[in-house]
Structures are given as C-alpha cells and as structure tokens.
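Below is one structure, written out as structure tokens; comments come after it.
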Amino acid sequence: MLIVLSGLFVPSFSKQDTTYSKKIYTTAEVQTPPEIDGWLNDDAWNTVPWESGFQMYEPYDDKPPTQETQFKVVYDRDHIYVGIRAFDTAPDSIVTRLTRRDEIDGDMVAFQLDSYHDLQTAFSFFVSAAGSKMDFYMSNNGENQDLTWNAIWWTKTQVDDQGWTMEAKIPFSQLRFDRSSGGVWGFQVAREIYRNSETSLWQPISKESPGWVHLIGEVNGLENINPKKQADMTPYMVAGSEWFEADAENPFRTEGVDRQLNGGVDAKIGITNNFTLDLTVNPDFGQVESDPSEVNLTAFETFFEEQRPFFIEGNNIFDYDLAVHSRNNLIYSRRVGRRPQHYPDMDDGEYADVPVFTNILGAAKVTGKTKDGLSVGIMESVTAGEKATIDNGTDQRSETVEPLTNYFTGRVSKEFDKGNTRIGGIFTSTNRFNEEEHLDYLHTSAYSGGLDFQQYFADRSYVLSVTAYGSNINGSEEALIRTQRSPVHFFQRSDAEHLQLDSTRTSLNGYGGSLTFGKQSGRFNFMSFLNFNSPGLELNDLGFLSSTDDIIQIFWMGYAFNEPFSIFRSARINFNQWNAWDFGGTRQESGANINGHTEFKNLWSTSFFLNMRTDVISNSTLRGGPSFTMPGGSVAHLSIETNSRKKLSFEVGGFLNKGREESTSMYELSFEINYIPISNLSIGFYPEYSSRQSQLQYVSQEEFSSNHRYIFGSIDQKTLSMSLRLDLVLTPEMTIQFWGQPFIASGDYDEFKYITDPHANQFSDRFHTYGTDEIFYMEEDGYYSVTEAGSGLNYQFDNPDFNVKEFLSNLVFRWEYRPGSYLYLVWSQTRSGYDPWGYFHFGEDFGDMWDIHPTNVVLLKLSYRIG
C-alpha cells in the first residue's frame, strides 16, 4: 500500500516550520561485512553503537512513540549497511503482509540517504516486517517522488519475542555522490506501527514544515569511499503465441494462430557516477497490463497512463506540466510506439494485416544530477516504418501505415541557493520521414520548447513559478488544414473572429504559459494560478494537449487540521474558484468548488466535493461550428472508506451531475472491496456503474450551400465495469498477478434535433426537434432519413445506438530469479463485441460476453542481467 507515502517521507506543507536541531550519526568502516539474514548478530554491527531517540510524526507531532526503535549503520568499500531493531511489546500483533515490490503493506521501517548532501534529493528504501521492499527517488526537497526508480539491493527481516529486525545492503553503485562530500550525507530513519497507524522518525520533522530533505539528519564518517559507475546489460528473449477465431476467407486468419519469437537488449551504463545512460533495442512490453475499456463520445482524445518500464523510470526529470490538475504536457511518451495512424483503403474482397503498434527500433536516455544542482535528461527514440499487407485472394501488396519517426527530448534545470531558486528549459522534436503520398496528412516535423522558473521565499513557505512554452509544426497544406480543423483547434468556427483557417498554410506556431504564486506552509494555505494556451499551440506529436484558445484563472485556499481532535484524526477543507476566457475575449465559464477530507480516530475516512458553475460558452460542442451556450449546473461527490488496514475493507462513492433546464443528468456509483484472507494474498473487486441522460449528444453534421445542420440526439447512456485484481506473493521475488475487467456500455438515442439558435435565452429554443413527419428510421439499412418541414432539405445519418461488451484480462507470473533478472509468463485474453441495440440489459449482455470468441495471447519472457 502506498498509504505510507502520505505520512512517511512526504511533506504535508501545513503550519509554520518547527525547527529541530539536526541529529548526527557517526558510522564506521568494517573489513568483514555483515551477512544479510535479518538477525543483526554479526561482529560487524559491534563496530558502532545503537542509535535511538525517535519521536512521533503521525498522528501527533513531537510526542514519544509507543514502541522503541534503534538502528546502526556501517559500510565497506562497495556497500552501505543499515540494521534496524523495531522493539514491540506485543510481537504477536506485528502485521506481516507479503506483497509485491513497491506495494508495501503492514509494519515497516524505512531509511533515506541524501548522498549528494544537496538538501534537495534523497534515495528512499522501505522494508516491511514480511521482507517486502519499496524504493523511490525524491527530488525538489521532497515535492517530487519517482516511484519507478528500482535499485539493486538486498534485505532480510526476522520476527522474534522482542519485536522484529531488518538488515539491508545498498551498493554504492546504486547511489549518486561526490568525492568531495566530506564523508557527510543526509540521513533519516522512520518506522510505522501498522495496527496503530503510527509513524515515528529519528530526526524529528513537523508535519507542518515546508519541505523535507533539507530538514533530515546526517550520517558522517563515510571516509575512503569512491563513486561507483553502474554497468548493467540485460538481454531478453520472448516466445509467444496468439490464438483467435479462424476465418477461412481471410488469408491472415485462416489458421487461427500466430506464433512469434523475438529478442532485444536493455542496458544501464554509468557515464559518470552522476549520469546514467539507459538503452533499449527492440524493447518488448508484453508483460504490461492492458488499458481499461472505455466508450468515448467526446471529440477529444483519452489520456492513458504510461506503463512501460523504460519510459516511466525517471520520467519526473522530463515532466513539463502545463497547468494545475491537467493532463497537458510537452511529453506524452505513449506517442512513442503508438498505434499506426493510417489504415489502408481497400476494395471489396480485400483483407489487411495491420500492425497493432509501432515497433520501437531503439531508445536511449541520459539522466542525472550533479552535486551543484544541475539536472539533465536527454531521450532519443526511433520507431520503425510500419507497413500493412493487403491480400485480394490472388496477390498481395503493402502500404505504409506509419512512417519511420524520430522522437527527441532534452530537459535541463539548475538549482541555486540550496534549491530555493530553480531555472529550467526543455526542447522536444518529432521528425517523420514521409515517403508516401497517402501520409501527407501527417506533420513532417514538430518542435516544442519551454522555460520554467521557480523561486521559494521565507524558508520555502511561499513559492512563485513561471513557465513559458511554444510550438512549431510543419507539413503539407493537407496536414495543416487537418490540424486547424481538429478538435484541439477548430479554426473553422464561423463566429470566432480571432481565428482564420488558412488553407495555404504549411506551418503553424503557438505559445502558452503559466504564473503561480502561493503559500505552502502553515495550517492555512493558498495558491493563485493563471494559464493560457494560444489557438496555434500544437503539442500532440510528442506531447498531450486536449484543447487550446483558452485563458484560465484559478484561486485555491485550504485549511488543515493535522492532529487528532474530537472524533477526528485529521481533516482538511479546501475552496476553489475559477474563470475561463478564449483569446477572443469571450468569458466561457465561471465556477467554484468546495471539497474536504476527514480521517476518523477509528481510521475510517470520508471525502466530498461540490462544484457549481455558470452557463458555459462552449467552443467545441458543435465540433467546428459556432460556439454554443450549455446550461450550467452542479456536481457533487461523496465517498466513505472503512479502515483499510483491516483484512476486509470497503469504499463506496457516489457522484451526481445535474445540469440546469433539464439539459443533462448523470449519476455514478463506485465500490471498492479489498480482502486479504492470508498474509500473501490480496483480492480487490471494483465495480462501477453510471447512468447519463443528456438532451444534446453529438451525432453528425451536414453542410449545404446555405445551411449547416449540426445534428444531436437525446441519449440514455449506461456503463458498467467490474474490475477484479488478485495478487499472490509466493516470495518477495516471485508473484502471481491477475487483472480482469468485464465492461458493458450502451447508448440509446432518441428525440433527434438540429441546432437553430446556439445562444437563445432558453435552452429549448436553441434547437429544433424533428417531428414524426420529418424523420424516418430505415431499419433494414440502419440509418435515419430526414426531410425537413419548411426547408425541404433531405439528408440521412447512421443509427448511433450502440451496445459494447468487452472482457480484458492479464495473468502474470513474475520471478526475479536473480537481482535484475526476470522470468515472465503471461496470459492475456480479450473478448470484444458490438451491437447497434442501444438498450442495457445486464443479464443478457453479461451472458453474451462469454459467447464472443476470445483472443488469447501467451508469452514467455526471460531476461538476464549482466553487471
């Protein structure tokens, strides 16, 4: 569980800093290192004394802990060793839950090394009483945590009649430090007593302090050690088979099976002790979990989280978020290796074999930070030109569906004044080598860049942040017309006088920026934010940008109660206010939000929020047409969670969205059921159900010489998903994981209409609903035929009703048979079906799902780390 991250080694930024004198622990070098068995009985440990004197951090500040904790630290030329004794007067109550790596749970201890001693960064190591481990890299004085960082290190634990013990061995090659550090590193030790939800620290730090790393203690005496360069190479082999429904007429699916053998290599090489080169050639990500199912009825792209190890490790160095609580970013690594963007045009009787993703020929990144605060990240990726094979029964031809493409990112930042000032910059490029005329609609090149500045004041209690960024894209006239007309821009909007669609354009430039100022210490905090994105900004070749032409102002303030009172263990309340305009000066919306979270002394918790917003002048509702006034409304959410530390815990949540003038109504119910029947098995079941009714759901549009019809319908949409997750941990190095998700969604359309006056005073006057004498459903052909009364216009559109049924699952056996070397055995199954029914019937839909012929994939992946 990552619950430890909310209270252990992660600052909460609340009241004014409570200053404690820094503790110092003196270590010593040993000639014969301790054996890592968890018993702490080697002679090496007698070289140094025990250190204690912990103070409570959670739930109270500056109180004695309920149990005593001691530790020792020794080192040799290649490793640092940490031993911790966690005394417990009730050893039978120690919670030992065996979990997979980085999903730590139960009683635990942790230690932290600021080996740069720059007061900004730290390597953090967690160990549970069951011997499971977690590690992450902390930067920016604790504000950023890279949970994907995985070091090579060893640990063992033992439980006895005095409590439990832990030994850990960390190679210096996994850390970053400078010869001139003077033998002094930043150091912290922490312990969590699970049954009490109690955390204690060796170096006292208030929960209400701004920052973290600059406040931890120190370990000195680290003499005669030298930085170590990491040098690992990990070749891999993958053998896999895919079984699917055979199709005798399709020459690519006649046998119903496809077998593959593949291989590649990953490498991690220390250029210097501070900078690491990561390489991957022909990477394989077959062990990565599938994306969840969805039905997207908007004009905008769905954001999916990155799950591929090469791209998520160290990605905090490359992040360049554009706005608060926004997915917009200059870097969206899912673009690399994406699904091909072109699908071949085919004649009747032709079949195509189209790649489902673009092969990454190779990728490399250099990341690191110097002792004086210079951080550098460089990433280069090359993806193959992918071709589809088309067969007409007598011969075959090929057609390129994705060109050879190069992606580059460079990120640099420099800290001054112990991290109180930071200046950074970023540059990205995408270059496609288009050699086929049918791919002229893709950009040939795309560039983006930005500068960022951050300044802390008053011992990091206040912060000022400024960013400025821009973009440039190039391509054919066809490509630039497509971009200008895309949902991100909608330059063709007839009522946007500040926009103009230029059909001769072969390049497009844009810009954006943000300004943030706020207070992040004390019980009362606030943040004021302004962000803008010009209409011409385009980042989606390598970044993620959902929309442009916006100026957004946000103000947030909150108050926190960090220590128990009355029936509460902690509580916080927040208020938000926002306004939005476009670059034409039109106020698009205003709104406000109040939200809060409370944790009770019995470790139950509740969360809520309430949003209220005015009418919205939407530039996207008509999908390229004029702006449209959508009625405002309110959104409410409430969730209740039981004590998650129990073997059986629940969370239930409710979401309600109500638009004024009966324009829209939606509710959603979600549940989480988590059960730990035995210490090494966890089961999670997460059903969600939503029901949405809207009078305006986009269907189609028709253009005539003097008229333009934007066609909508009323929709009754229902969605049900039921995710099941099982984690069986055989040893800390061997796990079996299962994830499965049945998914059912339906959309029933009626009361079709077209827009007449998009800004009429009354919502019902903004459209005309077709009469029974104007619209007819041609059931045999599956489309609606319209003959408008008055205008006499004739047109038709397809039946938009849908019923989607999907089942996705992954079963993964993972074994780290030696440090950094893995064996994966993976079975994934997909069942996917579609019907134009529109109605939702759980029993029938769920039953039909299992009648769909599945696609099964089984693969075996073996990697071996040399280093």
Measure out, as a whole number of angstrom, how far apart the alpha-carbon centroids of region 814-829 and region 589-645 sit.
-> 41
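Once fully extended, how much extra length lies between SER326 and ILE866, figured as 0.36 nm per residue of separation less the alpha-carbon to alpha-carbon distance? Each step should come with its number before you reach the end.
Values: separation 540, 0.36 × 540 = 194.40 nm, distance 4.04 nm.
Full-extension gain reported as 190.4 nm.
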Under the definition of Cα pairs under 8 Å and six or more residues apart, what whole-number percent is the relative contact order of region 575-714?
-> 14
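Students sometimes get this wrong: rank THR69, THR394 by accessible area, probe 1.4 Å, all chains present, largest first. Please list the in-between numbers first.
Working: THR69 5, THR394 125 Å².
Sorted by accessible area, descending: THR394, THR69.
Treating the beta-carbon of each Lys and Arg as +1 and of each Asp and Glu as -1, no other charges, what is the dipole magnitude of the chain about its Cα centre, to the nearest 20 debye? Don't skip to the answer; put the middle values down first.
Working: 69 positive and 118 negative charges, 797 e Å.
So the dipole magnitude of the chain works out to roughly 3820 debye.
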Using 0.36 nm per residue, how much length does the chain from VAL466 to THR769 gain when fully extended, once their Cα-Cα distance is taken away?
-> 104.2 nm
Over region 518-634, one equal point on each Cα, no solvent: what is log10 I(q)/I(0) by the Debye formula at q = 0.13 Å⁻¹?
-> -0.70
In nm, to one decimal, how far is the VAL356 label point from the LEU530 one, both placed 7 Å along Cα→Cβ?
-> 4.9
Cα-based Rg of region 691-838 per 2.2 N^0.38 Å, rounded to two decimals?
-> 1.66
List the relative contact order of region 395-451 as a percent without decimals, with contacts defined as Cα pairs under 8 Å and 6+ residues apart.
-> 34
Per principal axis, descending, Cα span of region 349-407 in whole Å | 67, 14, 11
Label-point separation (nm) for ARG195 and ASN250, each offset 7 Å from Cα along Cα-to-Cβ?
-> 5.8
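Where does the chain land at 222 nm, in deg cm²/dmol rounded to the nearest 500, when only DSSP H runs of n ≥ 4 count, each adding -39500 (n - 2.57), divided by all residues? Don't skip to the answer; put the middle values down first.
Values: 3 runs with 21 residues, N = 867.
When only DSSP H runs of four or more count, the value is -500 deg cm²/dmol.
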Principal semi-axes in Å for the chain [√(5λ), Cα gyration tensor, largest first] | 49, 32, 29
Reachable aspartates and glutamates from LYS365, Cα under 15 Å, same-chain residues fewer than 8 places away excluded?
-> ASP232, ASP266, ASP278, GLU313, ASP319, GLU380
At a Förster distance of 22 Å, what's the computed FRET efficiency of GLN492 paired with THR298, Cβ-Cβ distance as r, to 0.05?
-> 0.75
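Can you sort ASP345, ASP549, ASP284 by solvent-accessible area, 1.4 Å probe, largest first?
On the way: ASP345 120, ASP549 5, ASP284 30 Å².
Sorted by accessible area, descending: ASP345, ASP284, ASP549.
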Any idea what the relative contact order of the chain is, in percent, if you count C-alpha pairs under 8 Å spaced at least 6 apart?
-> 9
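What's the Cα-based Rg to Rh of region 153-276, Rh via Kirkwood?
Working: Rg = 25.4 Å, Rh = 20.6 Å.
My calculation puts Rg/Rh at 1.23.
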So which aspartates and glutamates can LYS387 reach, going by Cα to Cα under 15 Å and dropping same-chain residues fewer than 8 places off?
-> ASP345, ASP353, GLU399, GLU402, GLU435, GLU436, GLU437
Set LYS229/LYS861; LYS23/LYS418; LYS601/LYS647; LYS169/LYS414, cut-off 24 Å on Cα-Cα distance; pairs above it are LYS229/LYS861; LYS169/LYS414
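The values are calculated or read from the model by the stated rules, or taken from the named source; none is laboratory data. For clarity, every value in this text was computed on a predicted model and none was experimentally measured. Reconstructed Cβ throughout: ideal geometry from the backbone, glycine too, with neighbour counts over all protein chains shown. The protein model used for the area step is the full one, side chains on, heavy atoms only, and it has no ligands, DNA or RNA in it. Shrake-Rupley method; radii C 1.70, N 1.55, O 1.52, S 1.80 Å.
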